Every structure is written in structure tokens, then in C-alpha cells.
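The values are calculated or read from the model by the stated rules, or taken from the named source; none is laboratory data. Computed from a prediction, not measured in an experiment: that's the story for all the values here. Neighbour counts run over all protein chains shown; Cβ positions are idealised from the backbone, glycine included. Surface areas here come from the heavy atoms of the whole protein model, side chains and all, with no ligands, DNA or RNA. Shrake-Rupley method; radii C 1.70, N 1.55, O 1.52, S 1.80 Å.
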Amino acid sequence: MRTALLTGSLILAGPFPYGPDPLPARLADTGGGSQLITAVAPAPGSTTGVLTWWDRRAGRWFEAGSAPARFGANGLTEGTTRIQGTDTTPAGLYDLPYAFGIAHAPVGTAYRYRRVTDRSWWCQDNASAAYNRWTEPLPADCAPGESEHLVTYARQYAHALVIGFNYDEPVRGRGAGIFLHVDGRGATAGCVSVPRGAMRELLRWADPRRRPHIAIGTETGPLAVTRY
């Protein structure tokens with residue numbers, strides 16, 4: 001989703017070498033793979049937090065990298081009850097179907113990477129058969145004003161990973177076009193964003209054979225990332 005013009009304070013966090021189990025070991029589910037991304041905000045109304053990527057080796061999770069993250073302009077909400085157009089990031093555990101970008105994929109990218117052209121759209125029109133899907137060109141039943149012309153977001157969509165929120169069996173009105181992408185000028189309209197360098201590093205790290213997922217949530221409370 002598009003980036004809103006809103007800023008927030010930066011919250012820095014990270015695991016200590018000695019102490020509690022690493023965060024993935026405390027999650028209810030990690031998706032069953034050996035790679036995981038966690039995107040954690042301090043509270044539901046936060047627009048900033050920390051994104052960390054993890055590798056599982058020899059039965060234990062190890063931090064592979066981290067970066068400051070931005071969330072929706074109105075913070076986070078429960079993904080299963082999210083309402084489209086609320087500028088909230090859906091909390092939950094999601095797969096990462098594929099990558100895309102206006103720029104070339106970083107060298108070493110293993111994910112299927114789809115290049116954006118001037119014909120590339122993401123349909124967000126609830127009345128369209130192409131709801132919450134990439135389309136080329138925009139179909140007649142998908143209103144341009146209810147969709148994103150991907151190429152017009154040169155900064156944000158230089159590189160991105162599709163977050164599998166409301167993707168496999170889309171529920172109308174739940175939301176469309178939720179991505180992990182490069183930072184814009186402030187908070188997002190529901191996506192998770194990170195600096196461009198971190199996004200490129202993530203694409204070089206992510207291996208679809210290891211089934212990476214992303215867990216989005218807060219540090220504590222009803223949206224705690226450990227619930228997912």
C-alpha cells in the first residue's frame with residue numbers, strides 16, 4: 001500500500017547474547033520453515049518498531065540481521081478482523097509468496113522476482129475479480145482509483161516482498177496490497193517498510209526453499225507477536 005506522510009519516533013531493540021530464548025522460540029508458530037522475519041512494534045498505536053530476520057540452525061534460532069521498521073499510520077490491528085482503508089498493519093503470521101521491484105533484483109536473490117513495468121497494477125477494487133492481485137494491464141472491472149499503479153512508487157517499490165495477508169482466499173473489504181517494501185517519507189498505509197539497504201539485504205538472505213514467513217505484532221498485549 002502507499003506510504004502516508006506521517007513520522008514517528010524510532011524504537012531500537014535487539015536480543016542480548018545471553019538471556020531469554022530468542023524471539024522466534026517464543027512464538028506460537030513460525031510457519032514451519034528455517035527462516036523467519038519478525039516485525040515488532042512497541043504498542044498497537046505505534047508507527048515504528050524493529051524488523052529482525054532469523055535463521056534456524058541445529059534446532060536453534062539465530063539473528064541474521066535487523067533494521068528499523070515502519071508500520072501503518074494508524075498502527076497495528078488484528079489481521080483477521082482488519083478493515084480495508086484504515087491505514088493499519090495487520091498483525092499475524094504470513095507467508096511471503098514472491099518478490100517484486102522497479103529496480104533489478106539484488107545479486108544473489110533466490111526468490112521469484114517480478115519486475116514492475118508501466119503496465120503493472122495491484123488491484124484493490126473489492127468489486128473486481130482481480131482483487132488483491134497483480135494485474136497487467138489493469139482489467140476493465142478494476143477501477144484505477146481503487147488500485148495502485150506500481151511504477152509510480154519508485155522509492156517504495158524499488159524492492160518489495162508480497163506479504164500473504166488476505167492473499168490465498170481474499171476476503172472483500174479486509175485489505176489488499178500489503179507488502180514489505182522500502183521506506184517512503186513516513187508511516188505506511190498498512191505495509192511494513194524498512195530502509196532500502198535492509199530490503200536489499202533481506203532479498204539476498206531470503207531463500208524460498210527454507211519457507212520464510214513474517215510475524216507481525218506488538219511487544220505485549222492482545223496483538224503480541226508471540227501469539228502468532
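Worth pointing out:
- Average projection, convex hull of the Cα set of region 147-228: 7.0 square nanometres.
- Each eigenvalue of the Cα gyration tensor of the chain, multiplied by 5 and square-rooted, gives one semi-axis; in descending order these are 27, 19, 16 Å.
- Here the Karplus curve 6.51 cos²θ - 1.76 cosθ + 1.60, taken at θ = phi - 60°, turns the phi angles of region 142-151 into couplings of 10, 5, x, x, 10, 9, 10, 7, 4, 5 Hz, with x standing for Gly and Pro.
- Excluding ligands, DNA and RNA, the accessible surface per residue across region 74-119 is 46 Å² with a 1.4 Å probe.
- For region 159-228, the solvent-accessible area of protein heavy atoms averages 36 Å² per residue (probe radius 1.4 Å; ligands and nucleic acids excluded).
- What you get for region 17-136, charging only the Cβ of Lys and Arg (+1) and of Asp and Glu (-1), is a dipole of about 280 debye around the Cα centre.
- Cα-centre dipole for region 98-228 with unit charges at Cβ (Lys and Arg positive, Asp and Glu negative), debye to 20: 480 debye
- Here's how it looks for Ala224: its modeled amide H is under 5 Å from those of Thr218, which are all 5 or more places away or on a different chain.
- Compactness ratio for region 68-170: Cα radius of gyration over 2.2 N^0.38 Å (N = residue count) comes to 1.10.
- Ordering of 27-36, 53-62 by burial proxy (mean other Cβ atoms within 10 Å per residue, highest first): 27-36, 53-62
- Taking amide H atoms as placed 1.01 Å from N in the peptide plane, the amide H of Thr77 lies under 5 Å from those of Thr89, Ala91, each 5 or more residues away in sequence or on another chain.
- Using alpha-carbon coordinates, inclination of helix 196-205 to the longest axis of the chain, degrees: 70 degrees
- Cysteines in the chain that, by Cβ-Cβ distance, have no pairing candidate under 4.7 Å: Cys191
- Distant alpha-carbon pairs in region 136-177 (separation over 14 angstrom), percent: 62 percent
- Looking at the chain alone, DSSP beta bridges between its own residues are antiparallel in about 65 percent of cases.
- Rounded to whole Hz, the Karplus (6.51, -1.76, 1.60) HN-Hα couplings of region 73-86, x for glycine and proline: 4, 10, x, 10, 8, 4, x, 6, 10, 4, 10, 4, x, 8
- 5 angstrom amide H check on Ser147, placed H, neighbours 5+ away: Gln124
- Look at the dipole of the chain built from charges on Cβ: of Val192, Leu203, Leu51, the Cα furthest out on the positive end belongs to Leu203.
- ³J(HN,Hα), Karplus 6.51/-1.76/1.60, whole Hz, each residue of region 61-69, x for Gly, Pro: 8, 10, 5, 9, x, 8, 7, x, 10
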